[in-house]
Amino acid sequence: MQVPAPFEYERATSVDHAIGLLDRLGESARLVAGGHSLLPMMKLRLTDLEYLIDINELHDELGYILVGTDEVRIGAMARHRELLESPELAEVFPIFAEAEKVIADPLVRNRGTLGGSLCQADPSEDLSAVCGVLDAVCVIRGPQGERLVPMAEFHLGPYETAVAPGEMLVEVRFPVRRGGSSAFEKVERRAGDWAVAAVAAAVWLGGGDARLGLTAVGANTVAVEGITEALRGQSPDQDLYTRAAEIAAASCEPTTDGRGSAEYKRHLVKELTRRTLRRAVARTGRV
């Protein structure tokens, strides 16, 4: 039986209360919302905690999805199910609904949160790639106030983020740009499983801009380097999608494991890149 090491439990009643607890308890404290990633790590003794701070009561404060004309703001406690079921969010960023449909199962989607997914910083997690291609900015709050960290700088490495001890992620902001759309594709061995490979894509035809993010094929999930430069100003066609697929496959670092060989995963990255770009472009209605 897997049993976590002994720990103390605290329940936060507000964001300020949670930050105060983090500041007082130090690096041995962690926040928990859904807990679907943290608790298994605790059971396996892969993380050493003395204090667990439950922030589920903060949903009323941080569970919002605000879709504006120029910006979308999502609280860190927004549940996966809420992201999946928001028609306003799907209209602006269809990539969210596509990704959320294939994240785990209803139990996880009912309790897991956007903030929890991003702060886990798991290279096999889907929403980091989604937020990366949408050029998200993370709002981090601590005892000294708030600071803004671009998604490209939020993950410092696998399971490591820019959130310092005593701080917490409270919101994620997304710019809304004209002439854009997005798409997400994932291959998994069975429903609810971790991805064998997944690709997130966003395009803006007005400026000839495009972004790709990858899941489960290396440490970097946020953005594929070179895609924007290679595609900017080009007319979208099959040759362009193929060029993007080659860049994406060359940039990833998959490993051979029980989900497939590295060669197979690179093949998936190529095919999923073509599919997501093609569908994102079609959704703009401009071609």
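Let me confirm something: among 193, 135, which residue is over 15 Å from residue 118 (Cβ atoms) and either part of a strand (DSSP E or B) or not hydroxyl-bearing (Ser, Thr, Tyr) (or both)?
Numbers: 135 fails: over 15 Å from residue 118 (Cβ atoms).
193 is the lone residue from the list that is over 15 Å from residue 118 (Cβ atoms) and either part of a strand (DSSP E or B) or not hydroxyl-bearing (Ser, Thr, Tyr) (or both).
Suppose we keep only residues that are open to solvent by less than 30 Å² (accessible area, probe 1.4 Å) and farther than 19 Å from residue 164 by Cβ within region 34-51. Which one would you say is modelled with the highest pLDDT?
The first filter runs over region 34-51 and keeps only residues open to solvent by less than 30 Å² (accessible area, probe 1.4 Å), leaving 34-35, 38, 42, 49.
Filter once more, keeping what is farther than 19 Å from residue 164 by Cβ: 34-35, 42.
Details: 34: 83, 35: 78, 42: 78.
Looking at residues that are open to solvent by less than 30 Å² (accessible area, probe 1.4 Å) and farther than 19 Å from residue 164 by Cβ, I get 34.
Among the candidates 163, 187, single out the residue that is open to solvent by 30 Å² or more (accessible area, probe 1.4 Å), in a loop (DSSP other than H, G, I, E, B) and modelled with pLDDT of 95 or more.
On the way: 187 fails: in a loop (DSSP other than H, G, I, E, B).
Matching residue, one of 163, 187: 163.
Would you mention how many residues in region 11-33 are closer than 18 Å to residue 47 by Cα, out of contact with any Pro (no Cβ under 6 Å at 6 or more places or on another chain) and open to solvent by 50 Å² or more (accessible area, probe 1.4 Å)?
Of the residues in region 11-33, 1 are closer than 18 Å to residue 47 by Cα, out of contact with any Pro (no Cβ under 6 Å at 6 or more places or on another chain) and open to solvent by 50 Å² or more (accessible area, probe 1.4 Å).
For a quick check of your reading of the model, give me the residue pairs whose first member lies in region 168-192 and is at positive phi, whose second is open to solvent by less than 30 Å² (accessible area, probe 1.4 Å) and assigned to a strand (DSSP E or B), with beta-carbon atoms closer than 8 Å and at least 6 apart or on different chains.
Close Cβ pairs (under 8 Å, with a partner that is open to solvent by less than 30 Å² (accessible area, probe 1.4 Å) and assigned to a strand (DSSP E or B)) amount to 179/204.
Got at least one residue in region 56-78 being in contact with a Pro (Cβ under 8 Å, 6 or more places away or on another chain), touching a residue at least 24 places away in the same chain (Cβ under 8 Å), open to solvent by 40 Å² or more (accessible area, probe 1.4 Å) and within 28 Å of residue 272 (Cβ to Cβ)?
No - not one qualifying residue is present in region 56-78.
Only one of 124, 128 is touching a residue at least 12 places away in the same chain (Cβ under 8 Å), within 23 Å of residue 104 (Cα to Cα) and either open to solvent by 20 Å² or more (accessible area, probe 1.4 Å) or of a type in the set (Lys, Arg) (or both); which? Before you say what the answer is, go through the steps one by one.
Details: 128 fails: either open to solvent by 20 Å² or more (accessible area, probe 1.4 Å) or of a type in the set (Lys, Arg) (or both).
It is 124.
Among the residues of region 136-160, count how many are among the charged types (D, E, K, R) and at pLDDT below 95. Break it down stepwise before answering.
Residues of region 136-160 among the charged types (D, E, K, R): 141, 146-147, 153, 160.
From what's left, at pLDDT below 95: 160.
Of the residues in that region, 1 qualify.
Name the helices (runs of 4 or more DSSP H) wholly inside region 32-128 in which the number of residues that are under 20 Å from residue 186 (Cα atoms) is 1 or more. Let's see the steps before the verdict.
Values: elements: 38-43, 59-62, 80-85, 87-92, 94-101, 106-111, 114-120.
Ranges flagged: 80-85, 87-92, 94-101, 106-111, 114-120.
If we keep just the residues of region 259-273 that are open to solvent by less than 70 Å² (accessible area, probe 1.4 Å) and over 18 Å from residue 99 (Cβ atoms), which is modelled with the lowest pLDDT?
If we take residues in region 259-273 being open to solvent by less than 70 Å² (accessible area, probe 1.4 Å) and over 18 Å from residue 99 (Cβ atoms), then 259 is modelled with the lowest pLDDT.
Quickly run through region 213-247 and pick out the residues that are part of a loop (DSSP other than H, G, I, E, B), over 21 Å from the mean Cα position of the chain (by Cα) and of a type in the set (Gly, Ala, Ser).
First pass over region 213-247, keeping only residues part of a loop (DSSP other than H, G, I, E, B): 216-226, 232-237.
Checking the rest, the ones that are also over 21 Å from the mean Cα position of the chain (by Cα) come to 232-237.
Within region 213-247, 233, 235 qualify.
Inspect region 242-251 for any residue being in contact (Cβ under 8 Å) with a residue 40 or more places away in the chain, open to solvent by 70 Å² or more (accessible area, probe 1.4 Å) and of a type outside the set (S, T, N, Q) and give the result as yes or no.
Here is the first cut: in region 242-251, the ones in contact (Cβ under 8 Å) with a residue 40 or more places away in the chain are 248.
Then keep just the ones that are open to solvent by 70 Å² or more (accessible area, probe 1.4 Å); that gives none.
Looking through region 242-251, none of the residues is in contact (Cβ under 8 Å) with a residue 40 or more places away in the chain, open to solvent by 70 Å² or more (accessible area, probe 1.4 Å) and of a type outside the set (S, T, N, Q).
Being in contact with a helix residue (DSSP H, G or I) (Cβ under 8 Å, 6 or more places away or on another chain) and surrounded by fewer than 24 Cβ atoms within 10 Å (Cβ to Cβ) is the filter here; which residues of region 137-150 pass it? Let's see the steps before the verdict.
Taking region 137-150 and keeping what is in contact with a helix residue (DSSP H, G or I) (Cβ under 8 Å, 6 or more places away or on another chain), we get 137-138, 141-143.
Result: 137, 141, 142, 143.
Looking at region 166-184, which of its residues are assigned to a strand (DSSP E or B) and touching a helix residue (DSSP H, G or I) at 6+ places or on another chain (Cβ under 9 Å)? Write out each step before concluding.
As a first pass, look at region 166-184 and keep what is assigned to a strand (DSSP E or B): 168-175, 180-184.
Passing the criteria: 168, 169, 170, 171, 172, 174, 180, 181, 182, 183, 184.
Hey, among the residues in region 93-119 that are at pLDDT 95 or above and surrounded by fewer than 20 Cβ atoms within 10 Å (Cβ to Cβ), which one's nearest to residue 63 (Cα to Cα)?
Looking at residues that are at pLDDT 95 or above and surrounded by fewer than 20 Cβ atoms within 10 Å (Cβ to Cβ), I get 97.
Assess whether residue 207 counts as being assigned to a loop (DSSP other than H, G, I, E, B) and closer than 22 Å to residue 176 by Cα. Steps first, answer last, please.
Working: assigned to a loop (DSSP other than H, G, I, E, B): yes; closer than 22 Å to residue 176 by Cα: yes.
Here the answer is yes, as residue 207 does meet what is asked.
The values are calculated or read from the model by the stated rules, or taken from the named source; none is laboratory data. Keep in mind the model is a prediction, meaning the values are calculated, not measured. With ideal geometry, Cβ positions are generated from the backbone for all residues, glycine too; neighbour counts draw on all protein chains shown. With ligands, DNA and RNA removed, areas are computed over all heavy atoms of the protein, side chains included. Shrake-Rupley method; radii C 1.70, N 1.55, O 1.52, S 1.80 Å.
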